[in-house]
Amino acid sequence: MRSSNPVFSRRGFSRDNGYAGFNAAPQAGGPAVGTQANPYAQGGNPYAQNPYAQQDLQHGAPPQAPVSTGRMTMDDVVMRSAMTLGTVTVGAILAWALLPVSSTSYGLAIGAALVAFVLAMVQSFKRTASPALILGYAAFEGVFLGVISEMYNSRWSGAPFQAVLGTMAVSGATLLVYKAGWVRVTARYARIGMTIAIAFVVVTAVNLLLVVFGVANDGGLRSMGPLGAIVGILAILIGAFFLTLDFKQIEDGIAYGAPKEEAWLAAFGLTMTLVWIYVEMLRLVAIFSGDD
């Protein structure tokens with residue numbers, strides 16, 4: 001299942017089912033990738049012609065180390081993620097420092113968010129990673145986050161810092177749960193999670209329209225009260241779900257010998273997910289601050 005919405009688009013490494021090896025064996029100790037489970041076995045590996053990915057995974061265990069710099073490694077993912085998240089951070093800091101809180105800066109933030117969305121959409125429809133598009137998305141997303149973070153901080157002092165800590169806590173906890181094997185990323189798990197996520201966005205969009213046309217008051221489902229807190233917690237749980245898809249994508253990409261360029265797509269997915277969680281955490285911190 002693939003979605004045109006970049007938030008929901010997770011390019012996996014198993015082209016048979018649209019997800020990263022979700023039909024593979026349990027992930028404890030790494031995916032079991034024998035001939036029957038490996039989506040990159042002969043005849044099914046889209047990277048079979050890649051001269052850097054000729055070593056097949058055998059005996060049900062992923063390689064311990066890459067045999068060539070042409071294959072994606074964890075270092076590649078970490079480096080690309082550091083670049084995208086660093087770009088978001090720099091953009092946010094510059095926007096915070098240079099754009100004072102005003103209606104003009106708010107308009108610029110909305111414009112930056114729209115540009116970021118368009119760039120994300122273009123990248124999502126491309127078959128290959130484009131570092132320029134991904135870094136461009138990160139830069140504009142950073143401007144948006146910088147402006148809204150400053151706005152929240154002006155009303156709820158310290159909210160952005162707490163939101164960053166909360167995002168780190170959710171990410172760390174999700175990684176721990178994933179690595180411990182408490183969550184198994186299967187095709188069924190992905191379908192259920194994606195259905196809930198899409199339904200959430202549709203309901204949120206309808207709620208926004210109702211608020212704009214004055215049908216729903218005080219933000220409706222996204223109010224700053226208890227209902228808004230419940231919706232915010234659900235949104236963060238959805239973000240954690242997307243993190244598990246990202247982790248599985250990275251794990252299987254490394255195990256199945258994906259090309260090095262795929263690390264950009266992994267970083268792109270992680271960045272979008274962390275931005276999602278941060279924005280929702282920012283709202284949640286403001287709600288629990290109780291200062292209307």
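The values are calculated or read from the model by the stated rules, or taken from the named source; none is laboratory data. Since we're looking at a predicted model, the values are computed, not measured. Cβ coordinates were reconstructed from backbone atoms using ideal geometry, including for glycine residues, and neighbour counts include every protein chain displayed.
Annotation note: Cβ proximity below 6 Å between a residue of the stretch 241-266 that is farther than 11 Å from residue 76 by Cα and a residue that is acidic (Asp, Glu) and not in a helix (DSSP H, G or I) (sequence gap 6+ or interchain) occurs for no pair. Scan the stretch 115-131 and tell me whether some residue there is closer than 19 Å to residue 249 by Cα and at pLDDT below 80. Checking the stretch 115-131: at least one residue is closer than 19 Å to residue 249 by Cα and at pLDDT below 80. Screening residue 116 against (1) within 27 Å of residue 289 (Cα to Cα); (2) touching an Asp or Glu at 6+ places or on another chain (Cβ under 7 Å); (3) part of a helix (DSSP H, G or I) leaves a single unmet condition, (1).
Checked against (1) at pLDDT 90 or above; (2) more than 18 Å from residue 269 (Cβ to Cβ); (3) assigned to a helix (DSSP H, G or I), residue 201 meets all criteria but (2).
From the list 138, 113, the one residue that fits, being closer than 26 Å to residue 77 by Cα, surrounded by 15 or more Cβ atoms within 10 Å (Cβ to Cβ) and without any contact (Cβ under 8 Å) to a residue 40 or more places away in the chain, is 113.
Could you tell me whether any residue of the stretch 201-209 is touching a residue at least 40 places away in the same chain (Cβ under 8 Å) and surrounded by 12 or more Cβ atoms within 10 Å (Cβ to Cβ)?
Initially, the stretch 201-209 is screened for residues touching a residue at least 40 places away in the same chain (Cβ under 8 Å), giving 201.
Going one step further and asking which of them are surrounded by 12 or more Cβ atoms within 10 Å (Cβ to Cβ), we end up with 201.
Scanning the stretch 201-209 turns up at least one residue that is touching a residue at least 40 places away in the same chain (Cβ under 8 Å) and surrounded by 12 or more Cβ atoms within 10 Å (Cβ to Cβ).
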